[in-house]
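All of the numbers you see were taken from the coordinates with simple rules; none came from a lab. Computed from a predicted model, the values in this text were never measured in an experiment. Neighbour counts run over all protein chains shown; Cβ positions are idealised from the backbone, glycine included.
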Amino acid sequence: MLLVRRAFRHLSRVSDVLFRRTLFEREVTIFDDDVWLTSYPRSGNTWTRFLVGNLLHDEPVTFLNVERLVPDMYKTADWVMRKLPRPRIMKSHECFDPRYRKVVYIVRDPRDVAFSNYNFEMKLHSVPEGTPIAEFVPRWVDGVYWRRIGSWADHVQSWLSTRQGQPGFLLLRYEDLQEDPQRELKKVADFVGLQASPERLTRAVELSSAANMRKMEKTQGKKWVATSHTRADKPFVGGASSGGWRKNLPEESVAYLEAHWGPLMKSLGYELVSEQKQKESPVGAHVLR
């Protein structure tokens with residue numbers, strides 16, 4: 001009977017988090033030696049989980065075993081996670097939490113994050129098909145879809161303002177992972193104290209390629225807890241590229257994002273279209289007549 005109650009409580013917890021009915025998701029047991037892979041949703045956390053899992057384990061990571069190898073705190077029962085070998089490496093989407101002593105924080109250009117979240121919300125049935133992305137972006141910037149953790153800027157600033165440059169914090173840019181995944185994964189290995197050979201790093205990157213993950217999603221997506229009750233016609237593994245916003249976002253949406261978060265974006269190395277336009281404007285265009 002106890003096991004039945006535990007099972008129902010866990011299933012309820014997964015459902016509440018997946019469909020965002022919870023206000024806080026901080027009741028899990030946390031140890032000081034835990035390593036947290038943390039990010040705002042759709043910033044590359046799942047890819048990072050696959051990369052780290054394939055680096056740590058001989059068993060290749062799939063959508064059917066990722067919750068066992070690199071568990072998601074929202075989809076794995078606390079009593080199961082407590083039994084994992086330590087130090088544990090786990091996924092989280094939480095804002096700053098002082099109990100997280102060791103954090104790999106993944107950040108991504110919010111213009112790409114906006115488009116990825118747009119598609120993901122349609123996959124979750126929370127945005128009707130055909131909704132213009134220009135209507136979606138302002139609501140997303142206001143944190144409408146992730147009230148519990150706020151907007152992209154709320155989330156990023158909560159970690160950078162408290163932990164950037166401090167021991168136990170590693171900042172990874174999704175774009176840098178795209179550019180040189182072996183180099184960035186080596187940073188993670190060094191951060192967690194793992195001796196990783198070049199061969200091991202190459203293996204992890206190859207097993208975690210976007211093409212391989214898309215192939216697995218086609219056969220395993222209906223069985224993975226994160227996608228089993230979502231639209232099958234909308235893939236979880238998207239374009240897995242950087243800069244796609246240039247062709248996917250209308251100018252008004254790009255301008256809206258930059259107007260709200262421009263300084264933070266620049267501090268993370270993301271060039272602003274608004275500033276590029278100013279540089280390209282003709283000399284003397286603003287001379288008073």
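By other beta-carbon atoms within 10 Å, ranking Arg173, Arg214 with the fewest at the front produces Arg214, Arg173. Charged neighbours of His155, selected by a Cβ distance under 11 Å, balance to -1 (K, R count +1; D, E count -1). The amide H of Asp72, built 1.01 Å from its N in the peptide plane, has Lys91 as neighbours under 5 Å, considering only residues 5 or more places off or on other chains. Extending 7 Å from the Cα toward the beta-carbon at both Asp78 and Gln276 defines two label points whose distance is 4.7 nm. What the phi angles of segment 32-38 give under the Karplus curve with 6.51, -1.76 and 1.60, with θ = phi - 60°, is a coupling list of 5, 9, 5, 10, 10, 8, 10 Hz, glycine and proline written as x.
From the cross-link list Lys75/Lys247; Lys102/Lys223; Lys102/Lys266; Lys91/Lys215; Lys187/Lys266; Lys91/Lys218, which pairs have alpha carbons spaced over 28 Å apart? Let's see the in-between values first.
Values: Lys75/Lys247 34 Å; Lys102/Lys223 31 Å; Lys102/Lys266 26 Å; Lys91/Lys215 22 Å; Lys187/Lys266 23 Å; Lys91/Lys218 23 Å.
As for pairs spanning more than 28 Å Cα to Cα, those are Lys75/Lys247; Lys102/Lys223.
Once the Cα-Cα distance is subtracted from the 0.36 nm per residue extended length, the Glu129 to Lys234 segment shows a gain of 36.7 nm. Counting only Cβ charges, +1 for Lys and Arg and -1 for Asp and Glu, the dipole size of segment 10-274 around its Cα centre is about 720 debye.
What do the square roots of 5 times the Cα gyration tensor eigenvalues come to for segment 10-274, in whole Å, largest first, as semi-axes of the equivalent ellipsoid? Walk me through the numbers on the way to the answer.
Numbers: eigenvalues 141, 92, 78 Å².
Three semi-axes, in Å: 27, 21, 20.
Computed from backbone phi with θ = phi - 60° and the Karplus coefficients 6.51, -1.76 and 1.60, the 3J(HN,Hα) list for segment 77-92 is 4, 4, 5, 6, 5, 5, 8, 5, x, 10, x, 7, 10, 9, 8, 8 Hz; x is used for glycine and proline. Among Tyr145, Tyr40, Tyr174, sorting on how many other beta-carbon atoms sit within 10 Å of each Cβ, with the fewest leading, yields Tyr145, Tyr174, Tyr40. In this label model, Lys222 and Asp180 are separated by 4.3 nm, measuring between points 7 Å along each Cα→Cβ vector.
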